[in-house]
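The values are calculated or read from the model by the stated rules, or taken from the named source; none is laboratory data. Keep in mind that this is a model prediction, so the values were computed, not measured. As a convention, Cβ positions derive from the backbone with ideal geometry for all residues, glycine included, and neighbour counts pool all protein chains shown. Ligands, DNA and RNA are stripped out before the accessible areas are found, and what is left, the full protein with its side chains, is counted by its heavy atoms. Shrake-Rupley method; radii C 1.70, N 1.55, O 1.52, S 1.80 Å.
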Amino acid sequence: MTASSVMDLPDDHLTISPPVLYFGTPVVLVVTRNEDGTSNITPMSSAWALGSCVVLGLSTAGHGAANLRRERECTLNFASAELWPKVEKIARGTGRDPVPAFKHAIGYSYMGDKFAAGGFTAVSSERVRAPRISECPLQFEARLVAIHGDAVDLGSTPQKALIIECEVVRVHAHRGIVVPGTDHIDTQKWNPLYYVFRHYFGDARDLGRTFRAEI
Ligand SMILES: Cc1cc2nc3c(=O)[nH]c(=O)nc-3n(C[C@H](O)[C@H](O)[C@H](O)COP(=O)(O)O)c2cc1C
């Protein structure tokens, strides 16, 4: 068998320098406990999962990252597409007081209770102290395993990104998105909210299954 050769064809691709590289990942609402026992919600989307591990990319400037480092646990709540207006209601907020100057300059303000601000309901978790968000159909309880390496430079802003590894210790799925009698998510019913180049997307179409899909 010979290797495929590299073609030298006319190229319709432009070389561009986009301001962000958010190619499209699900929105995760990370709930962490504040020092006083209340809770904070950090909307984020730089996350990936493999096995029971979820890795989060969180800014050093955020309140959620500081809470997670101290408390070593959180819940990961996956918003469905129709929740995007609630997510956007808390998007300009930070639980950090005072607000870092560079965030203040781009329109962020202190938001001490993002559950109230977004119209979200807190429900207690089973294996961690941080609560879950009732409105999110899919919720993971997770423990901090490690913060990897040095914080990664984010270019033009003074913040850096932490690479945070968590272990998922419990999964809660609303009965409406579970295939009855199984542990499988019904992908016809689960409609995740995606963050794509700073726009909210939803209603993704099911195109087919991989050879590994059991249902
Ligand atoms: C849809 C969405 C996705 C975001 N993704 C990330 C992300 O992946 N990592 C991150 O650090 N911040 C992300 N942000 C920005 C944080 O939510 C923002 O910095 C917020 O102030 C953090 O809140 P906290 O300081 O209370 O933790 C995202 C915001 C939105 C609305």
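Can you name the residue in segment 184-207 that is assigned to a strand (DSSP E or B), in contact with a Ser or Thr (Cβ under 9 Å, 6 or more places away or on another chain) and of a type outside the set (Ser, Thr, Tyr) and, of all such residues, is farthest from Ala151 (Cα to Cα)?
Top of the filtered list is Pro192.
Pairs linking a residue in segment 34-47 that is free of Cβ contacts under 8 Å to residues at least 24 places away in the same chain to a residue that is small (Gly, Ala, Ser) and within 6 Å of the ligand (Cβ to nearest atom), with Cβ atoms under 8 Å and 6 or more positions apart or on different chains, are Met44/Gly57; Met44/Gly64.
So is Arg69 more than 9 Å from the ligand (Cβ to nearest atom) and of a type in the set (D, E, K, R) or not?
Working: more than 9 Å from the ligand (Cβ to nearest atom): yes; of a type in the set (D, E, K, R): yes.
Answer is yes for this residue.
Of the numbered criteria (1) exposed (fewer than 15 other Cβ atoms within 10 Å of the Cβ); (2) touching a Gly at 6+ places or on another chain (Cβ under 8 Å), the one Tyr195 fails is (1).
Screening segment 68-161 for helices (runs of 4 or more DSSP H) wholly inside it with 2 or more residues that are open to solvent by 60 Å² or more (accessible area, probe 1.4 Å) and closer than 30 Å to Thr187 by Cβ returns the ranges 84-90. Just one of Ala151, Ala142 is within 16 Å of the ligand (Cβ to nearest atom), touching a Cys at 6+ places or on another chain (Cβ under 6 Å) and of a type outside the set (S, T, N, Q); which is it? One residue alone meets the criteria, Ala142. Identify all residues within segment 179-200 that are among the hydrophobic types (A, V, I, L, M, F, W, C) and either touching a Phe, Trp or Tyr at 6+ places or on another chain (Cβ under 9 Å) or within 16 Å of the ligand (Cβ to nearest atom) (or both); write none if there are none. Within segment 179-200, Trp190, Leu193, Val196, Phe197 qualify. Confirm whether Ala161 is modelled with pLDDT under 95 and out of contact with any Lys or Arg (no Cβ under 6 Å at 6 or more places or on another chain). Considered against the rule, which asks whether it is modelled with pLDDT under 95 and out of contact with any Lys or Arg (no Cβ under 6 Å at 6 or more places or on another chain), Ala161 comes out as yes.
For segment 162-183, which residues satisfy the criterion of being assigned to a loop (DSSP other than H, G, I, E, B) and more than 21 Å from the chain's Cα centre (by Cα)?
Of the residues in segment 162-183, the ones assigned to a loop (DSSP other than H, G, I, E, B) are 174, 179-183.
Matches in segment 162-183: Val179, Pro180, Gly181, Thr182, Asp183.
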